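Reading through the structure tokens given below for one structure.
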Amino acid sequence: MQVLSGAIGRERLHFEAPARDKLEGELEALLDWIASPPPQLDGLVRAGLAHLWFLTLHPYEDGNGRLARAITDRLLAEACKAPSHQALSGRALGISAQILREREGYYAALERCQRGNLDVTGWLSWFLEQLAAAAATNGAVIDAVQRKAAFWWSHRHSGFNSRQQKLLNRLLDAEPEGFTGGMTLRKAIGLTKVSRATAWRDLAELVEKHAIEPIGEGRSRAYRIHWPAAS
């Protein structure tokens, strides 16, 4: 079966998938390999190879990419149980989102492998690079969620009013990148729809309660989250 992409009349041939009369046997071989991989094969490499193998078989007219990503996420979850990869647990499982973010590079890496002699080195190199990027991204998000939870716990008795909670949530939701330019008086007025004096009082109380801290001086003054000290 030919795998094509592009508009009708301008299709592009990516590779030639196995013929239908051989497909069932090839799928059984893949499933057997997934169930009983070589004992010394690294779990992350196993996930990358299974992804490539399934897409190369291309058993369906549509949905092959979604199924390949689902298989990959399942195998990565298994791989993260191994002692050598436990540091990735909960962090590497965003590879599907990472592939979608890097879709152009993804298709290019697949095509280089599938249209060549199926030397998987280049594909695995790309796959593992994206896995590392996904782990870093997810790790930053997880860290931000943990810091946010620690922040609210440390201020559980602070008695913020609804406007102050809105300002704090806006700052916290911008993590891990941070709220661009910080929370200025003008931004606080825009978010809470109150007078300048009320917005200023809200910000001053948040500083007094060590929820935010000022950055800059004068008209350029802004505020950022004051993170509680690690216990």
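Over region 155-225, the hull volume per residue, using the convex hull of the C-alpha atoms, is 85 Å³.
Less than 5 angstrom separates the built amide H of Ile212 from those of Val207, His226, all sequence-distant by 5 or more or on a different chain. The lysines whose alpha-carbon is closer than 19 Å to the alpha-carbon of Lys148, local same-chain residues fewer than 8 away aside, are Lys166, Lys209.
The charge dipole of region 155-225, taken about its Cα centre with unit charges on the Cβ atoms of Lys, Arg (+1), Asp and Glu (-1) only, comes to about 340 debye. Database remark: amide H of Arg221 closer than 5 angstrom to no amide H (H placed geometrically; neighbours at sequence offset of 5 or more, or on other chains; Pro and chain starts carry no H).
Taking a sphere under 13 Å around the Cβ of Ile99 and counting the other residues whose Cβ falls inside, with K and R at +1 and D and E at -1, yields a net charge of 0. Sorting 181-188, 59-66 by their mean Cβ neighbour count within 10 Å, with the most densely packed peptide first, gives 181-188, 59-66.
Show me 165-173, 19-27 ranked by packing, highest mean number of other Cβ atoms within 10 Å first.
On the way: 165-173: 16.6, 19-27: 11.4.
Put in order of decreasing packing, that is 165-173, 19-27.
We did not get these values from a lab; they are worked out from the coordinates using the rules stated. These numbers were taken from a predicted model, which means no experiment stands behind them. Ideal geometry is used to build each Cβ from the backbone, glycine not excepted, and the neighbour counts take in all protein chains shown.
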